[in-house]
Structures are given as C-alpha cells and as structure tokens.
Amino acid sequence: MLKSKDNKLKGLKGWLSLVIVTLVLLFLSYFLTALVQIMNIILGEGGLSTVFWLIFFLVFSVLFGYCLNLGFKHKKEFPTWFIFSLWISSIIGLIISQTQESGFIATPFSFIWTILWTWYFIKSKRVKNTFVK
C-alpha cells in the first residue's frame, strides 16, 4: 500500500517554519519593548502614553507567546489563535495608524498579509496534519 502525499506534509516545515520564526521574533520584540516601557516608568520618563504602550506590548507579548506555545505543542487550537492574533494586530494597527501619521502605508500591506496567511491556514494540508493534538 502506498503512502499518500498528505501524510508527508506534517510538522513545522515549509511555510510553517516561517510562521514560527516570525512569532518568535514578534514575541521577543514586543517583550523587549515592554521591558523598555517598564524602565521608562521606573525612571520617571513618560506619562500616561507610556503606560498605554506598556499594556499594549504586554498584551501582544502574551498573545504571541501563547501562540508559540500552542504551535510548538502541535495543538489543534494553534491555527485559530494564530489567525485571531493576525486579525487583531491588523485591526489595532489600523486604529493606531489613524491616530498617528507613521504606519499609514504599512496598514494595507498588513491586511494583505493577514488575508494571505488566513487563506494558507484554512487551505493548507500541512496545517491540518500538523496541529492535531
């Protein structure tokens, strides 16, 4: 009996490796930026906006850290949480870009990437075969 090609498409390889590397980088950058905000508060630099950004970076650090945990454990909830985090970050990015001038150009690209990754996670056989626990 021949093995189907679908069984070979399993594990954190291919495009999924890019997703995991990106999540690691996002987690580290948000976590380190949160630490910088904490240091600013301790040193008395910054005000209410520093507290807002601290909360923002901590929430996304936890979100991306949770996604990483699910991804490394091959949990079936990972695709849902990953798609959720993509859409939340794109929507919040849009809101922030409306209040600040920087980032206006990046927002359309953010939604394009979000749509592409959502499509990949819904259609990919590797995603379906990998996240089964």
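The values are calculated or read from the model by the stated rules, or taken from the named source; none is laboratory data. What you see is a predicted model, and the numbers here were worked out from it, not measured in a lab. Positions of Cβ are backbone-derived with ideal geometry, glycine not excepted, and every protein chain shown enters the neighbour counts.
What the table shows:
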{"read-out": "Enumeration of residues in region 23-42 that are surrounded by 13 or more Cβ atoms within 10 Å (Cβ to Cβ) and under 30 Å from Val127 (Cα atoms)", "value": "Leu23, Val24, Leu26, Phe27, Leu28, Ser29, Tyr30, Phe31"}
{"read-out": "When residues of region 6-50 are limited to those that are charged (D, E, K, R) and without any contact (Cβ under 8 Å) to a residue 60 or more places away in the chain, the one farthest from Lys76 (Cα to Cα)", "value": "Glu45"}
{"read-out": "Of residues in region 109-133 being more than 17 Å from Phe84 (Cβ to Cβ) and within 17 Å of the chain's Cα centre (by Cα), the one modelled with the highest pLDDT", "value": "Ile112"}
{"read-out": "Any hit, region 63-85, residues being out of contact with any Cys (no Cβ under 6 Å at 6 or more places or on another chain), exposed (fewer than 15 other Cβ atoms within 10 Å of the Cβ) and aliphatic (A, V, I, L, M)", "value": "no"}
{"read-out": "Cross-chain or 6+ apart pairs with Cβ under 7 Å, region 65-92 first and over 17 Å from Leu12 (Cα atoms), then among the hydroxyl-bearing types (Ser, Thr, Tyr) and surrounded by 15 or more Cβ atoms within 10 Å (Cβ to Cβ)", "value": "Leu86/Thr114; Leu86/Thr118; Trp87/Thr114; Ser90/Ser110; Ser90/Thr114"}
{"read-out": "Subset of region 85-108 (residues that are at pLDDT 90 or above and either more than 21 Å from Ser17 (Cβ to Cβ) or small (Gly, Ala, Ser) (or both))", "value": "Ser85, Trp87, Ile88"}
